[in-house]
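The values are calculated or read from the model by the stated rules, or taken from the named source; none is laboratory data. Please read these numbers as outputs of a predicted model, since none were measured by experiment. All Cβ positions, even for glycine, are placed from backbone atoms using ideal geometry, and neighbour counts span all protein chains on display. Areas reflect the complete protein model, heavy atoms only, side chains present, ligands, DNA and RNA absent. Shrake-Rupley method; radii C 1.70, N 1.55, O 1.52, S 1.80 Å.
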Amino acid sequence: MRADGDGATGTRRTASVRLRRAARGAGRPVRMLTLHGLAGSTSVWRAYERLAPDGVELWEAVLPWSAEGNPDWSLRDDPADHVEHALDSVPGDVDVIVVHSFTAGPALEALARRSTARGPRAAVVVAPFHRRGPGDFSWDDATYYLGGFHRILEEGLRISAGDRLSEELRVAMALRVRDRIGPYGWQQFFGAYLRSPFLDVSALRLPVLVLAGAADFAAPPDDARALAAALPDGRFRLFDGCGHFAMAEQPRRFADAVHGLLREAFPGTSLCTTVPAPSTAVPADPSARSYVPELT
């Protein structure tokens, strides 16, 4: 499901959505839409898919800034427009969104300008880039993210591929993806970060779970903590021993946190789950070999 353009803004809305897994069982499902980060892939959510409750209907968005997307999106587009289009493309209402990293900012912007009647009713934000005031930024921040952009890519490759990639190959792959993103893609990332203090948090009248990894060198955990504190109905969870990719690094802990929010936000809905016992390892994801993970 895709749209070619928006005559009012000039933005080509190329976000698409697809059903990943239907709900199991009777009754109205809880429709969940997952949104990947910059230079990312939908496969980052596969571990969670295997742990999701039976009552959840899983949809995934493929955004223009995916690993396979056309980098030209960054020349003029508003990322929040693409997120809103993805939300509107899911048949029926989206009940909950789960969003990672760079896309968290545009997603919250999109939610803030939607009426509450258009949903979603809950959100999970993983590793957001967020500052509370313009004075919280310095030139050192720009230098850090400009010079270290490729390091975040390297970390994602390390998490997804493990020892299947040598350090030399991992660095080379990260630099290639960085060059594909280009200066305009970086500007979109850092521009969204710079806009974060101006997010209308008062308009976000829904429960929002904000998750962070204590060892995340890309999105500082204090960013997530500050966002959760500013939201009208925010709550914060910090995962020790975890970096930028909580859903891949600690999938069971991630799933437990998400399911706690679902039980709170949808108390009248059956969310029967078939999560394996804690002693059972989550099986390896065959698609991981082709996964180029999120930059941000």
| field | For the stretch 182-238 versus the stretch 24-100, the gap between their alpha-carbon centres in whole angstrom | value | 18
| field | Test item: Cα-centred dipole of the chain, Lys/Arg +1 and Asp/Glu -1 on Cβ, debye | value | 660
| query | Around Thr34, which amide H atoms from residues at least 5 apart in sequence, or from another chain, sit under 5 Å from its own amide H, with H modelled in the peptide plane? | reply | Trp59, Glu60, Ala61, Val98
| request: Report the local net charge at Arg131: Lys and Arg +1, Asp and Glu -1, summed over other residues whose C-beta lies under 14 Å from its C-beta. | output: -2
| note | Per its Cα gyration tensor (rounded if a/c is under 1.5, else prolate when a/b beats b/c, else oblate), the stretch 163-270 is best filed as oblate
| note | In a Gaussian network model of the chain with springs linking alpha carbons closer than 10 Å, the residue among Arg178, Arg28, Arg132 that fluctuates most is Arg28
| request: Considering only Asp163, Asp256, Asp77, give the residue with the highest GNM mean-square fluctuation for the chain, with springs between Cα atoms whenever their separation is below 10 Å. | output: Asp163
| Round to a whole number: what % of the accessible area of the stretch 1-154 belongs to carbon and sulfur, probe 1.4 Å? | 49
| request: Report, in deg cm²/dmol and to the nearest 500, the calculated mean residue ellipticity at 222 nm for the chain, where each DSSP H run with n ≥ 4 adds -39500 (n - 2.57) and the sum is divided by the residue count. | output: -11000 deg cm²/dmol
| Based on the Cβ-Cβ distance of Asp200 and Leu175, what FRET efficiency does E = 1/(1 + (r/R0)^6) give at R0 = 51 Å, to the nearest 0.05? | 0.85
